[in-house]
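Heads up: the structure comes next, in structure tokens.
The values are calculated or read from the model by the stated rules, or taken from the named source; none is laboratory data. All figures in this text were calculated on a predicted structure; none of them were measured in a lab. Cβ placement follows ideal geometry from the backbone for every residue including glycine, while neighbour counts extend to all protein chains displayed. The accessibility values were calculated without ligands, DNA or RNA, using every heavy atom of the protein model including side chains. Shrake-Rupley method; radii C 1.70, N 1.55, O 1.52, S 1.80 Å.
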Amino acid sequence: MEHSMTAVEAARLIDWLKANGHSAEEATECIKYIATGIQQPQQNQ
């Protein structure tokens with residue numbers, strides 16, 4: 001069974017990620033992964 005995420009749920013997830021030390025970019029990548037199942041390659045820093 002497949003579920004979808006509402007805009008409110010996505011916004012809450014972004015807020016939670018940012019409140020727990022993740023950057024806005026990381027939050028965006030998280031949402032993209034949830035939506036598509038495609039993980040972005042890790043960049044070495």
Discussion item. Quick check on the stretch 33-45: of everything there that is without any contact (Cβ under 8 Å) to a residue 24 or more places away in the chain and assigned to a helix (DSSP H, G or I), which residue is surrounded by the fewest Cβ atoms within 10 Å (Cβ to Cβ)?
Written reply: 36
Fill in: Enumeration of residues in the stretch 6-32 that are within 8 Å of the chain's Cα centre (by Cα), modelled with pLDDT of 90 or more and open to solvent by 80 Å² or more (accessible area, probe 1.4 Å)
26
